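Derivation of every value follows stated rules applied to the coordinates shown; laboratory data play no part. Worth saying up front: this structure is predicted, and the values here are computed from it rather than measured. As a convention, Cβ positions derive from the backbone with ideal geometry for all residues, glycine included, and neighbour counts pool all protein chains shown.
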Amino acid sequence: MSAGPESTHVSSLLKGDSLQQQVLASLPLCDITEEDLTQNPQFCKLLATLSQHVDQNGLTVSLKAELEKAEQKLQSQRRHWLRSESLHKGLQEMIQDHCIRKHHATVPPDQSMVHFIHLFASE
């Protein structure tokens, strides 16, 4: 039987730490002990091979990339929403200010609108 990439990876993991320790280190979220891996060497080799394809959180490279892309999109949409919300609040305050001034002052309607436009342009 020829040694494929998985067996090469497994044998390269054996250098230094034990294979069991390396599997535990590369898959910290797995609820297994070194003793479990020692008693089940084939399972240990399977996990060692699996650890090549997933990160420490159990995500594959492609899934991690999709997750990062989704997080970036969410952040972008959040920023867009915050800008819109900020503009909306600013406009509401300007309208309230305009209504209060209009109510308390006897300013001709054409000057009142000029003041409102000036307020909007200065924000």
Problem set entry | Additional length obtainable on full extension of the chain from LYS69 to SER18, 0.36 nm per residue less Cα span | 14.8 nm
Exercise. Mind listing which GluC sites (Glu not before Pro) in the stretch 51-98 are in a DSSP loop and have 14 or fewer other Cβ atoms within 10 Å?
Worked result: none
Exercise. What spacing in nm lies between the two simple spin-label points modelled at ALA25 and THR60, each 7 Å away from Cα in the Cβ direction?
Worked result: 2.7
Seminar exercise, completed: Going residue by residue through the stretch 69-74, the Karplus relation 6.51 cos²θ - 1.76 cosθ + 1.60 with θ = phi - 60° gives ³J(HN,Hα) values, rounded to whole Hz and with x marking Gly or Pro, of 5, 5, 5, 5, 5, 4
